[in-house]
């Protein structure tokens with residue numbers, strides 16, 4: 001069950017990536033195929049201003065959830081200049097993940113404040129509540145906290161996942 005729950009953010013990111021690609025392809029099709037067709041047929045142009053709004057929302061959710069997954073999978077860039085003993089490195093890693101958890105908590109806190117502040121505003125094209133956009137900060141920050149704390153409580157072995 002825990003493994004299933006751990007895969008949920010990865011599945012969400014995969015679906016968001018597919019949706020972003022489809023959104024981009026639809027935007028390209030509408031811009032470079034349908035505009036000339038509607039001009040040639042002397043018809044009103046098909047509005048595609050919504051493509052940018054959807055792409056912005058998808059990108060925000062994709063980036064912030066993906067960053068949290070990167071923390072859990074230890075896929076973020078690291079530069080090993082100083083070499084410490086395994087015990088000292090374990091302490092440094094725990095401090096590192098504590099700082100990541102603090103940053104995630106700050107992001108989630110301000111994301112909640114942004115959601116509350118902008119709950120009455122909507123996007124111009126699709127009238128999507130802007131809280132949907134800022135909720136990505138809350139979700140990403142909360143996942144950062146969760147994953148960073150899990151790396152503090154149960155860190156992987158030193159050789160596992162280090163790139």
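Rule-based calculations on the coordinates, nothing more; no lab input. For clarity, every value in this text was computed on a predicted model and none was experimentally measured. Virtual Cβ from ideal backbone geometry, glycine too; neighbours counted across all protein chains shown.
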Notebook entry, point to check: Once fully extended, how much extra length lies between residue 5 and residue 59, figured as 0.36 nm per residue of separation less the alpha-carbon to alpha-carbon distance?
Noted result: 17.2 nm
Next item on the list: Mind giving me the FRET efficiency for residue 80 and residue 149? R0 is 22 Å, r the Cβ-Cβ distance, nearest 0.05 is fine.
Entry: 0.40
Check: Just from its helices, what would the mean residue ellipticity at 222 nm be for the chain, if runs of 4 or more DSSP H residues each count -39500 (n - 2.57) and the sum is divided by every residue, rounded to the nearest 500 deg cm²/dmol?
Finding: -24500 deg cm²/dmol
Notebook entry, point to check: Considering every pair of different Cα atoms, what Kirkwood radius, in Å, is found for the stretch 2-153?
Noted result: 18.0 Å
Margin query: Which of 143, 41 has the fewest other C-beta atoms within 10 Å, and how do the rest follow up to the most?
Written below: 41, 143
Note to self: If I build a Gaussian network model for the chain, linking alpha-carbon pairs within less than 10 angstrom, which residue out of 137, 145, 13 has the largest mean-square fluctuation?
What the structure shows: 13
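Over the chain, what relative contact order in percent results from Cα pairs under 8 Å that are six or more residues apart?
27 percent
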Next item on the list: Calculate the spin-label point distance for residue 132 paired with residue 46, positioning each point 7 Å from the Cα along the beta-carbon direction, and give it in nanometres.
Entry: 2.0 nm
Next item on the list: Round to a whole angstrom and tell me the spacing of the C-alpha centers of the stretch 11-62 and the stretch 95-144.
Entry: 25 Å
Margin query: With the cut-off at 1.5 for a/c, could you classify the stretch 40-102 from its C-alpha gyration tensor as rounded, prolate or oblate?
Written below: prolate
